[in-house]
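Below: one structure, written as structure tokens.
The values are calculated or read from the model by the stated rules, or taken from the named source; none is laboratory data. The model shown is predicted, which means the values in this text are computed figures rather than measured ones. All Cβ positions, even for glycine, are placed from backbone atoms using ideal geometry, and neighbour counts span all protein chains on display.
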Amino acid sequence: MAEFIANYVIPLAWILGKILLFVVPLLVVVAYVTYAERRIIGAMQMRIGPNVVGPFGLLQPFADAVKLLTKETVLPTGSSPVVFLLAPMVTFSLAMIAWAVIPVSEGWLISDINVGMLYLFAVSSLGVYGIVMAGWASNSRYAFLGAMRSAAQMVSYEVSIGFIMICVLLTAGSLNLSEIVNAQKGMWFFIPHLPMFVIFFISVLAETNRHPFDLPEAESELVAGFMTEYSSMAFALFFLGEYANMIMMSGIVSILFLGGWLPPFEALSFIPGIVWFALKISFCLFLMIWVRATFPRYRYDQLMRLGWKVFLPMSLIWLVLTAGYLVYTGKVPV
Amino acid sequence: MIIASLAFYLFSFIAVISALNVIFQRNPVHSVLWLILTFFNAAGLFVLLGAEFLAMLLIVVYVGAVAVLFLFVVMMLDINVTMIREGFMKYLPVGAFIGVVLLVELALVYGGWAMSPQAEALRLAPTPDITQIDNTKALGQIMYTQYVYVFQAAGLVLLVAMIGSIVLTLRRRPGVRKQNISVQVSRRKEETVEVVKVPTGKGIA
């Protein structure tokens, strides 16, 4: 019995504790990203933004959460109820499970697997299901059109994201995320891979359905796209899932290109790694919000052209260049 | 090892249940969703075998790409479920017959299966030592050295299939308006805008 507890119960409790340590701060951060987005865009557009609830409006996210919770959940007639309710859960839990492999500091992660980058790619490629299921189950024209758009959009941009990830893993020589970060000691990958950093960031915007690529929910044409029929908690889950996805993708950008938890100078290494990682994520999130405040929405055919005719060939050429350079100079990491 | 065998039975049980559901669901979209659950559990079984690279590949390729296309197609086709069910009893004997034939053939093949004593050693020969390197590297070393020609040939087959489907479906349709970015960008101000002095009270033609 004592052996059973030592072998199974304690490790299980330890894993659950680690998961809680990740998820609870993540949910708080998600709530505050919505607040930050409204304040930053307010400042950029010479407005004030939410500033009434609590000091500086800091309690606004919680007021919104309570408001959404007390609303009624509406199931549209002719919908497929199980799939309808499953869709927001899928979106939300996919945004959460990606954090299982993301190292926030040296050794601070839930699971250190060998194929961490493939795992992240797999999880982000599943994100399309939540949206497609929501669009189909709603039994509504707007929702269905939004889902179709998003399916095509996310599948197209995933291709270039995959090629860029291959460039990074060629330079780092590993699929393990901790080793990728450690390979960036001395030079963060955004310096040698600068064009890919830009393309990756833009593809991330398309992958998370953010402005200027938020076509699945374009208000002016599709009401609210795949979210049209959702209300109350189901809507809140979609909303949280979208913002959690933004944070997750910012984390991936930081790990692949901005050196993860590494400080910019060796002299600054007395500051703990998690602070640097949080700062880098905040920087990426700020860029995303900034883009939303400044760019108009893309037209759908232009979005597809950008994905297939510009980003895909460029990332392919860069992959060949990277491989060629590494082999020619004999720097291939083994 | 209790956890591993519990996980094995969990994954395989759900895999079998969801595979059955793929067949028995009335709604084709629900069938595809059950199919995705089956893929997931198969990936879980791969992880239990220690083949984490294959597990991730299964999810990326089958769940992330192939099943999305299935779902896309099944949703776009407005399938009338009752129409499909109509001839069910009529075709049942034919289907059952084919099933029985396949079963007998499989049984014959499996019954007459004889493994050469050298086969096991031959199969294991090119495998790098799994305890030394992780299985992503091991797969790469085998695929790009021992089997590089077969690998390239498989790629070529896929390329031919892709080109074939594009050629078959591509047709020039008149009256389709397309955006020509280079023309738009190379347009000069002088070609498009003309500043005219308009005399008062006369206008211009």
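General observations
- The range A:61-77 residues that are over 14 Å from A:Leu27 (Cβ atoms), paired with ones that are of a type in the set (D, E, K, R) (beta carbon under 6 Å, 6 or more apart): A:Pro76/A:Glu229
- Residue list for the range A:104-139, filter: within 14 Å of another protein chain (Cβ to nearest Cβ) and not in a helix (DSSP H, G or I): A:Ser111, A:Asp112, A:Ile113, A:Asn114, A:Val115, A:Ser138, A:Asn139
- Out of A:Leu94, A:Leu69, one residue alone is more than 19 Å from the chain's Cα centre (by Cα) and surrounded by fewer than 24 Cβ atoms within 10 Å (Cβ to Cβ). It is A:Leu69.
- Any hit, the range B:138-148, residues being more than 25 Å from A:Leu118 (Cβ to Cβ), at pLDDT 80 or above and among the aliphatic types (A, V, I, L, M): no
- Within the option set A:Ser150, A:Ser156, A:Ser160, A:Ser174, being out of contact with any strand residue (DSSP E or B) (no Cβ under 7 Å at 6 or more places or on another chain), more than 12 Å from chain B (Cβ to nearest Cβ) and of a type outside the set (D, E, K, R) holds for one residue only, A:Ser160.
- A:Arg292 being farther than 27 Å from A:Thr322 by Cα, basic (Lys, Arg) and in a helix (DSSP H, G or I): yes
- Some residue of the range A:235-252 being under 16 Å from A:Val123 (Cα atoms), without any contact (Cβ under 8 Å) to a residue 60 or more places away in the chain and buried (at least 20 other Cβ atoms within 10 Å of the Cβ): yes
- Within the range A:233-276, the set of residues being modelled with pLDDT under 80 and assigned to a helix (DSSP H, G or I) comprises A:Glu266, A:Ala267, A:Leu268.
- Within the range A:73-103, the residues that satisfy the criterion of being modelled with pLDDT under 85 and more than 13 Å from every other protein chain (Cβ to nearest Cβ) are A:Thr73, A:Val74, A:Leu75, A:Pro76, A:Thr77.
- Residues of the range A:172-194 that turn out to be out of contact with any Pro (no Cβ under 7 Å at 6 or more places or on another chain), crowded, with 21+ Cβ neighbours inside 10 Å and assigned to a helix (DSSP H, G or I), as a count: 1
- Residues in the range B:1-17 that are within 14 Å of another protein chain (Cβ to nearest Cβ) and under 22 Å from A:Val82 (Cα atoms): there are none.
- Just one of the numbered conditions (1) touching a Gly at 6+ places or on another chain (Cβ under 9 Å); (2) surrounded by 20 or more Cβ atoms within 10 Å (Cβ to Cβ); (3) hydroxyl-bearing (Ser, Thr, Tyr) is not true of A:Ser105: (2).
- Considering the range B:1-116, the qualifying helices (runs of 4 or more DSSP H), each wholly inside and each with 1 or more residues that are surrounded by 15 or more Cβ atoms within 10 Å (Cβ to Cβ), run over B:2-24, B:28-48, B:52-58, B:67-76.
- Within the range A:11-65, the set of residues being surrounded by fewer than 17 Cβ atoms within 10 Å (Cβ to Cβ) and of a type in the set (Lys, Arg) comprises A:Lys18, A:Arg47.
- Residue in the range A:161-174 that is more than 20 Å from A:Val320 (Cα to Cα) and in contact with a helix residue (DSSP H, G or I) (Cβ under 7 Å, 6 or more places away or on another chain) present: no
- Qualifying residue in the range A:310-333 (condition: within 14 Å of chain B (Cβ to nearest Cβ), hydrophobic (A, V, I, L, M, F, W, C) and more than 30 Å from B:Gln141 (Cβ to Cβ)): yes
- For the range B:163-182, filtering for residues that are loosely packed, with under 10 Cβ neighbours inside 10 Å and either within 14 Å of chain A (Cβ to nearest Cβ) or charged (D, E, K, R) (or both) leaves 9.
- Among the residues of this structure, A:Ile317 does not count as one that is within 23 Å of the chain's Cα centre (by Cα) and either part of a helix (DSSP H, G or I) or modelled with pLDDT of 85 or more (or both).
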